[in-house]
Each structure stands twice: as structure tokens, then as C-alpha cells.
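In what follows, a single structure is set out as C-alpha cells and then discussed.
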Amino acid sequence: MDKKITTQSIITFTKNNLIIVGIFILAIITSFVEPNFLTVGNLQNVMRQFGPLIMVSLGMTFIIMGGMIDLSVGGIISLVAVVTISLIDPIGQAAALMVGVTIGLICGLLNSFLILKGGALKQAEALFLTYGMSVVFTAVALIYTGAAPVFMSYSKTDFSIFTAIGEGFIGPASTSFIIFLVCLLILYIIESRTHIGRSICLTGGNMIAARLAGIPTEKTIIFIYAVSGVMAAIGAVVLASRVTIASPLMGKGYETQAILAVVVGGTALTGGKGSVLRTVIGTLLIILMSNCLNLLGVTTYIQYMLRGAILILAIWLDNRKQYSEGN
Amino acid sequence: MENNNAEAILKIKEVSKAFPGVKALDRISLEVFRGTIHGIVGENGAGKSTLMKILSGVYQKDSGEIVFDGNKIEDITPIQSMKMGLSIIYQELNLVNTMTVGENIFLGRFGEMGGREAVHSKARILLDRIGCQIDTQKEVSELSVSDKQMIEIAKALSFDSKLIIMDEPSSSLTFDEMQQLIKIIHDLKNKGISIIYISHKLDEIFNFCEVVTVMRDGHLIETRNVNAISRNEMISMMVGRTIENEYPSRPNYVGETVLEVENINTKLLKNVHFNLKKGEILGFVGLVGSGRTETVRAIFGADKVKNKSIKLDGELVSINNPIDAINNGLAMVPEDRKIQGLLLQFSVEKNISLASLSELTYYGFLREKEERDISERQIKSLNIKTPSAKTKIQMLSGGNQQKAILGRWLELKPKILILDEPTKGIDVGAKYEIYLLMKKIVEDGGSIILISSELPEVLNMSNRVLTICNGRITGEFDPLQASADEIMAKAFEF
């Protein structure tokens, strides 16, 4: 293959990575128009937003690779955040953390149970089912808190796990960044080296054929929803630690952001292929974009619209690519 | 043809159509006359449906000429063909269940008819014309299959159709409903409308068709007046003659019983039971929908079937899913290669290693080197023509794709291999390779259940043949003794 950078190769790259190139150009423009963009403070700000979203997006990657979808992560985040924060005083920090992650796991298992028992094995069916579950999880969070936010207290100890996650550093890296690296490494190994990782891709690629060839497709679906639930719970803890407050509606919007990050990263919404590594890029781009737009003074509502437009564009581009491959 | 005075409403000249890897229609020429009931018969895959889909604009022909009612048909869409007066009534009826009868007849044309309410009076007139008393305000979901067919006919009439194609209309009708349909068909004929009647049921062709066309393997074998053809002639034309050396010599090392299947009951299947011997190729002959695929899917655990009894080497085994089946030494090459067999977006290597994945796993981790070895071994031993093991399997020809699926299973050395339409849509050369492979498998002590719509294939490869029709096993034959006609008669024993 010719490695030289030619005009042609730039055009091809742009065509194949339209969104990545677009956001890159946006970042360049922003850095010229708004000198604050390239300051340490702003980049730290970007990294802080990265923390919670990347966790949710990593879990969502497995879901989408497996040909499914999970809209319940927003609800899981809200529920886990309020329960974990409220339990710090009564049962202690470590126990509260464990309860939080366990709730995420249970929510994920519940989703997969309903999907398998309900036979909602099509992406569209899973979409509605998990949307319903999101409403349920949010409602439980609202009932649990009486719709009021829960504040984090530091009553018992000087050292707090939560402040460490929210603001602490290990060496030059923030704690939440280390947590992210560990999760990424584990998920990447699962994805690329293990039986279950391969099963996820095969299930997403063609569930019927995979099942007939002896791939445990049902177990795979349970696994991906469990991972998604746990990752959403970790994201909830990271988020609550940073803002030191948990509200029963705080997870709202994370599901669309996560799907956007996964798809912009290049994981096919139709399932079967993708990678958590791509999702890291996708998440960075999404956050970078919203940061740039904030600095440029674009209102939130216009940003919502842009996000929607980008999701549509990403799906359209991917379908077009698959269609041309299909011929 | 004797209809020398009648005018042809439809003239098809030298029409061909190829799909990747298979020639679906090969220079078909056919004329249908005004006011004639024209039957078309042929086995599954003969090309009947492809031809009809070209006429109705679902597919485009590759070459040839079609003249309908004096106009050339070129790049037509389904709605255009209906407006020209050519309607097709598919086996799976195309009605909107949640709308009323009247709305369905004029679906998409409320504007032209003067509103959604106005359609009912016009629908009434059409329904009366075919002597149908269904209330036009009734919702379609409440109707029986035969009533729905009446609605489809009324819909065809609403387009002023000059030719109505019916694709196996009788498959789900009772005797009385069928009589009603025949009466309507005759009425339509008397009004000068031509009918193309596609059916598997030869009785119907003899009962009320005037002209019959036999198709086989994408070829038009012959068009004749019905009173100038005998039933046996028709079957022979449908089935075709066996060409010498198209098949390897029949293996003959049949041993002990390895598989006993009893008591398979589903909505379709009725007390299906049979056995399979070591080293045997057991052929299933039956139409699509006869229960042949449902039977093997039940055995393989692909569909959940309660209370079935499966004995392997005399021992009762419980098979609730494909994993159980595989662990018991079963393997299945499914009917639809692209949907049920392949992961089209994945490499040849991943498609081959698929069934061996647990064997390649140590403490949850895959051994990729062994995976490569498996696929290299199978690519070599089955002579799969692919640029590399990493090539996406969708780039391969149908024959090579099928060999990859076979390789997937052979790696596990299955005791019983189920082949559902193993040679569908693949060329003659690759077919022969697959036949040789089947022979080798049974010579090595395996057993095969072979399902195929190609009768000569089943007759030439099997040691024993079972016919299945309407969910029942209707006969058992030694293919060396029985004639093709005898076997087909049992497969058509409704």
C-alpha cells in the first residue's frame, strides 16, 4: 500500500471519517477564535466531562456491537447516584460504592431478563423495552429521594473515596482517568481476546446464524447488559463524586450522548463490529465539540439539534458504507 | 397452440434473469391469451416466482422482451404494472390487517376515489361483481384467508386488470372455499380477463386450467393444452431426467441405527418419527412448507418442541438448543445460507471457526493461532477458493460459501450431519464437490439427513427416501426401486 500522503488519500480519509474531520476542523477554528480553548483550565474541564460519559459509552459499545441498544443507562445513573450518595453516612463509603455498582448490575440483568423472556431480540424492540426501564429506574430514584437532590456529606472521615474519585490525582493523572484506563483495558481484553468478546461480535453480526452454530447468544445478551449496567453505575459514581450532589434526574440525556459517542467513533449501529478504542475517540470528539460550541457561544438548544444531526449523519454514512461494501 | 383466433394479452420473449451465482431464468418465452386460465407448474426454485416478480416490476429482467396489452414493459414499478392492468395476488396476501375491507381495496387511492368514506360504495360494486357479500366496513383482521383472497381479487378488479396472476392461491383454502374460488376464476375468464394460476397441485391444473406451462431450473420446459398432457408426463417434465455422472456412485455401507426420532408434534408436524442408520444418507422429499425443515430444526434444537423423543445410539438425549445438539454430535447446514448460515460481514476464517469456538477457548481466552490452523486446514481440505482466510465471506461464490459452512462442521467430526438444501443456488461443479464430500462423510462412519428440493439429487445421493407432506411422513422408498413419479405422487399426497 502507498503510504504517501496525497491529495487523493486526504479526500478518501475525509470521506470515510467525515465527522472526525469535521470536529477537528471545529476545534481548529475555535482555537483561533477563542484563545481560552487551549488553556490548561479548559482542557481540564474537557477531561472532567469525559469521566462519566466515557464509562457509559464503553458499556454501550458492547451493547451496540452485540446488535442491541440500551436506553436505560440514564435511569441507571440517576438511581445509582442517589442511592450511593444517600448510603454513605449509614453504611460507609466502601459499602455504599459496592451497593451502587451492584444496583447497576441488577438493573442490567433485569434488562436482559426482560429482553430474553419477552423475546425482544430485535434492536427496535430492545429500544422500547430499555426506554421503558429507564422510566422505571428514574421513577424509583424519584420515589426514593422524594424528588429532592441528595447532598454528599463528609461527616465521618477526613479521607473520602468520593473526593478522591472526584478531585484526586494519582501522580499526574486524575483518579477518574485511572479508573477509565483500568476499565478500558479490561473491556479491550474481553473484546479482543476472549470467547465472550467474540460471541458479542458474532451475535451482533447475525444472531440466527451464530445461535445455530452453537454460540451462546442468550448468555451473550445477559453479559452485555450486565456490563452496560455496571459501567453506567461506575459513571454515576464518577459523576456524583465530581458534582458532590446526586439528583434523581441527573442521568437524563446520557443514553443519547453515549450512543452518539459510540456511533461517531465508528461502531456500526447494526452490530457485529466496533471497538471500545473507537468509542474513546468518539467520546472525546463529542465532548470536544460541545466544549468548542460553548466557547463559541452557541446555545445549548442549538447544540442539542447539532447532536441529533450528527447522529443522523453518522448512521447515514455508515449505511452508505455498508451498502457499497454489500455490492 | 390451438387458440389461433385468440389474441395474446401477454408476450414474453427470451427473458433471462441471473442472480449472483445462479441463472434464475434462461431465455423464457411464453404467451398468455385473453380470457384464458393458464397454469404454471414447477418445483420450488424452477423460476416461477422470479418470472412473476419480473412481470409485476419487483425485479428487472436482464434481457429479453415483454409485451403486455400491446405495450412493452421496460423498467416498470409494481404500481405502474397494476395501473397497466396486471395484478398479482401473492401467496402471503398483501393487505393491511387493521384497515377495513373498502379501505384495503383502494389503499393509497383515497384521493382519486373522493375520500376515505367514498371507497365503500365503490368497493361494494366490485365485491358484488364477484358475488362476495363481505361488509366493506369490516376490518380485514376479522376475515378468513379465503375472504382475504376475495378482497385481493376485488382490488385487482379495481385496477381494471386484464391479467391476474395468482401465486398458489389454494395453499390455505378449505374444499368449499376452493370451489368458490374456482367459480370466481371462471367468471373472470368469461369477462375476458386472463388468469395465470401458479400451483403445486396438479389436480387443480387438470380441473380448471386450459393451458399449462412446466418450468424447471429456470427453463421453460413446455407449454401445452391441458387436455393434451397426462399427469405422468407433467411430473416427468417437472422432475426432469437425470444426467449421467452428475452424481458420484452411491455409497452403501449402512450399519446400525444411530438416531431414532419419535413423537415430534408442532402446529405443522404430526407425530413425525423415523430413524437413521450409521453410514446412511437419508433423503427427505417434500415441498417448502411441508414440514421437512421444521422436522430437522426440531431435532437440532433450533425450535423448541416439547415432548419429542430423540435417541442417539439407543440412549434418550435431551436437546433443547443447538448447543445441546452440537454436544451430542449433531451438525446442521441450514436452509437459508445467507440468513441462517453465514456471518456475511465476517472473514472466511471466523465463519469456519464459528462452531469450534469453545474448543479453542482456554479459561475464557481464545487461541488465535489454533483458530488460524483450523481455517487453513478446512480451506485446504475442502478446496475453498478464497483470496485469503481473512477475506470477507460475502466476496466468495455460493459454492465456496457453502463449503466453508461444511468445513465449520467437519472440524467437529459430527456423527449426524443435517443438510438442508445444501446445493441451492450453487453451480454444477461445486455441487459435485459437495456430493463427493457427502460420500466421504458417510464412508468415514457419519450419517447424513439430506433435504433438497431437487428430486434427482435426493434420489441419486440417498440410500433411503422419506416423503413428507403437510407435516406427515407419507412414504418410505428405496430410491433404487421406486420411480421418481411414484415418490412425487406421495410428496403431493395432501
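The values are calculated or read from the model by the stated rules, or taken from the named source; none is laboratory data. Computed from a predicted model, the values in this text were never measured in an experiment. Here the Cβ positions follow ideal geometry from the backbone for every residue, glycine too, while neighbour counts run over all protein chains shown. Keep in mind that these areas ignore ligands, DNA and RNA; they rest on the heavy atoms of the full protein, side chains included. Shrake-Rupley method; radii C 1.70, N 1.55, O 1.52, S 1.80 Å.
With a Förster radius of 22 Å applied to the C-beta separation of B:D313 and B:N271, the computed FRET efficiency comes to 0.45.
Here the accessible area is traced with a 1.4 Å probe on the protein chains. For the protein assembly as shown, carbon and sulfur cover 57 percent of it.
Take every Cα pair under 8 Å whose residues are at least 6 apart in sequence, average their separation, divide by the length of chain B, and the relative contact order is 16 percent. Stretched out straight at 0.36 nm per residue, the stretch from B:E142 to B:S358 would grow longer than its current Cα-Cα span by 72.8 nm. When both the stretch B:45-70 and the stretch B:178-207 are represented by their alpha-carbon centers, they are found 21 Å apart.
Residues within the reach of a label modelled at B:F19 (point 7 angstrom out along Cα to beta-carbon, backbone nitrogen below 19 Å), restricted to the stretch B:56-73, are B:56-63.
Based on DSSP, what percent of beta bridges with both residues in chain B are antiparallel, to the nearest 5? Beta bridges within chain B, antiparallel portion: roughly 55 percent. The simple spin-label model puts a point 7 Å past each Cα toward its Cβ; for A:I29 and B:N207 those points are separated by 7.2 nm.
Comparing the full protein assembly with the isolated chain (1.4 Å probe, heavy atoms, ligands and nucleic acids excluded), the residues of the stretch B:341-358 losing at least 30 square angstrom of accessible area are B:L343, B:Q345, B:F346, B:K350, B:L354, B:L357.
Between B:I339 and B:L480, the C-beta separation translates, for a Förster distance of 41 Å, into a calculated FRET efficiency of about 0.70. Projected label points at A:I11 and B:M395, each 7 Å from Cα along the beta carbon direction, are separated by 2.4 nanometres. Projected onto planes of every orientation and averaged, the convex hull of the alpha-carbon atoms in the stretch B:313-405 covers 7.4 nm².
Pairwise Cα distances in chain B exceed 36 Å for 40 percent of all pairs. Other residues with beta-carbon under 12 Å from the beta-carbon of B:S353 carry, at +1 per Lys or Arg and -1 per Asp or Glu, a net charge of -1. Taking the longest Cα principal axis of chain B as reference, the axis of helix B:368-381 is set at about 70 degrees.
In chain B, the calculated helix contribution to ellipticity at 222 nm averages -9500 deg cm²/dmol per residue, counting -39,500 (n - 2.57) for every DSSP H run with n ≥ 4. Among residues other than B:Y362 with Cβ under 13 Å from its Cβ, the summed charge is -1 (Lys and Arg +1, Asp and Glu -1). Over the stretch B:124-279, Cα pairs under 8 Å with separation of 6+ residues give a relative contact order of 13 percent. For chain A, modelled as a GNM whose springs connect Cα atoms under 10 angstrom apart, the maximal fluctuation among A:I310, A:I189, A:I215 occurs at A:I189. Which of A:I224, A:I287, A:I234 moves most in a GNM of chain A, Cα contacts under 10 Å? It is A:I287. For the stretch A:101-171, what D do you get in µm² per second when you plug the Kirkwood radius from alpha-carbon pairs into Stokes-Einstein at 4 °C and 1.567 mPa s? My calculation gives 85 µm²/s for D. Residue order by solvent-accessible surface for A:M60, B:M99 is B:M99, A:M60, largest first, with ligands and nucleic acids left out and a 1.4 Å probe.
Suppose only helical runs count, i.e. DSSP H with n ≥ 4. What mean residue ellipticity at 222 nm does that imply for chain A under -39500 (n - 2.57) per run, divided by all residues and rounded to the nearest 500 deg cm²/dmol? Value at 222 nm, helices only, nearest 500: -25500 deg cm²/dmol. For the stretch B:104-210, the solvent-accessible area works out to 42 Å² per residue, with a probe of 1.4 Å and every protein chain left in place. In the context of the full set of protein chains, residues of the stretch B:281-327 present 41 Å² of accessible surface per residue (probe radius 1.4 Å, heavy atoms only). Beta bridges from DSSP with both residues in the stretch B:383-494: antiparallel share about 50 percent, rounded to the nearest 5.
In this label model, A:Y144 and B:Y253 are separated by 6.5 nm, measuring between points 7 Å along each Cα→Cβ vector. Once the partner protein chains are put back, the stretch A:184-207 shows a loss of at least 40 square angstrom of accessible area, versus the chain by itself, at A:R193, A:H195, A:R198, A:L202, A:N206 (probe 1.4 Å, ligands and nucleic acids excluded). Rg over Rh for the stretch B:69-162 works out to 0.97, both radii taken from alpha-carbon positions and Rh defined as the Kirkwood radius.
Restricting the trypsin sites (Lys or Arg not before Pro) of the stretch B:355-428 to loop positions (DSSP other than H, G, I, E, B) with no more than 16 neighbouring Cβ atoms within 10 Å leaves B:R367, B:K385, B:K390. Accessible surface calculations at 1.4 Å, restricted to protein heavy atoms, place chain A at 46 Å² per residue.
Interface between chains B and A: roughly 2200 Å² of accessible area buried, both sides summed (probe 1.4 Å, protein heavy atoms only).
Treating the Cα atoms of chain A as identical point scatterers in vacuum, please give the log10 of the normalised Debye intensity I(q)/I(0) at q = 0.14 Å⁻¹, two decimals. Log10 I(q)/I(0), no solvent term: -1.14. Note: relative contact order over chain A, using C-alpha pairs below 8 Å and six or more positions apart, is 33 percent.
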